[in-house]
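J.: Below: one structure in structure tokens.
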Amino acid sequence: MERVLVSSCLLGAAVRYDGRAKTNTSAILARWRAEGRIVGFCPELAGGLGVPRPPAELRDGGVVTEAGGDVTEAFRRGARQALEAAERAGVKVAVLKEGSPSCGSHQIADGTFTGTKIPGSGITTDLLRAHGIHVFSENELEEADRWLTR
């Protein structure tokens, strides 16, 4: 059975920068959970960032906080650990939180901390894709499920 890497915040873990979860109650996620497919993971926590933590956005190839702190290495470390977890579990599909500087798959914040979104993907998404893992957002659960059952 194909396993799926899923952002921990989508599974109800309060791991986001603001100390909250973004729980997704999709029947697909519930089925995957019942089937034992899910590998929950938060790359930002794995990279050493705490909860809560300052918001961060991608800018000029790195990741910075609004105050100008450079947290790029923590994001890269978390991405590497996400890849390692995925490889250990034999994951070929990931469902990650859209908009995140780690997990965004189609859009990310523009680096100005104004809430403006631009096309792009996060550090973890890029690394997973570079290693052949298909990354979907939480808005594409049906597509991810179809990919698993192809």
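J.: For the pair ALA30/GLU66, report the inter-label distance in nm, with labels modelled 7 Å from Cα in the Cβ direction.
T.: So the label points at ALA30 and GLU66 sit 3.6 nm apart.
J.: Next up: What are the GluC sites (Glu not before Pro) within segment 23-116 that DSSP puts in a loop, where the Cβ has at most 11 other Cβ atoms within 10 Å?
T.: Working: sites: GLU35, GLU44, GLU57, GLU66, GLU73, GLU84, GLU87, GLU98; in loops: GLU66, GLU98.
The qualifying sites are GLU66.
J.: By DSSP, what percent of the beta bridges with both residues in the chain are antiparallel, rounded to the nearest 5? Before the final figure, lay out each step's value.
T.: Numbers: 8 of 20 bridges.
That works out to approximately 40 percent antiparallel.
J.: Still on this model: Determine, from the Cβ-Cβ distance of LYS117 and ALA14 and an R0 of 22 Å, the FRET efficiency 1/(1 + (r/R0)^6), rounded to the nearest 0.05. Can you show the working numbers first?
T.: Working: r = 23 Å, r/R0 = 1.06.
E between LYS117 and ALA14, to the nearest 0.05, is 0.40.
J.: Can you give the translational diffusion coefficient of segment 4-148 in µm²/s, computed by Stokes-Einstein from the Kirkwood radius over Cα pairs at 4 °C and 1.567 mPa s?
T.: 87
J.: Under a Cβ-Cβ cut-off of 13 Å, what is the net charge of the residues other than THR23 that fall near it, where Lys and Arg count +1 and Asp and Glu count -1? Walk me through the intermediate numbers first.
T.: Numbers: positive: ARG16, ARG20, LYS22, ARG33, LYS97; negative: GLU138.
Local charge sum for THR23: +4.
J.: How long are the three semi-axes of the equivalent ellipsoid for segment 74-150, computed from the Cα gyration tensor as the root of 5 times each eigenvalue, in whole Å, largest first? Intermediate results must be reported in sequence, preceding the final value.
T.: On the way: eigenvalues 96, 53, 12 Å².
Its equivalent ellipsoid spans semi-axes of 22, 16, 8 Å.
J.: Still on this structure, please answer the following. Tell me which of THR124, CYS103, GLY90 sits at the most positive position along the dipole axis of the chain, charges placed on C-beta atoms (Lys, Arg +1; Asp, Glu -1).
T.: Farthest along the dipole direction, towards plus: GLY90.
J.: Still on this structure, please answer the following. Using modelled backbone amide H atoms (1.01 Å from N, in-plane), which distant-in-sequence or interchain residues come within less than 5 Å of VAL135's amide H?
T.: Those qualifying (amide H under 5 Å, at least 5 residues apart or on another chain) are ALA94.
J.: Work out from phi, with θ = phi - 60° and the Karplus expression 6.51 cos²θ - 1.76 cosθ + 1.60, the ³J(HN,Hα) of each residue of segment 30-37, listed in order in whole Hz, and give x for Gly and Pro.
T.: 4, 5, 4, 4, 4, 7, x, 7
Bear in mind these aren't lab numbers, they're just calculated from the coordinates by the rules spelled out. Just so you know, these numbers come straight off a predicted model, no measurement behind them. Don't worry about glycine lacking a Cβ; one is built from the backbone with ideal geometry, like all the others, and counts go over all protein chains shown.
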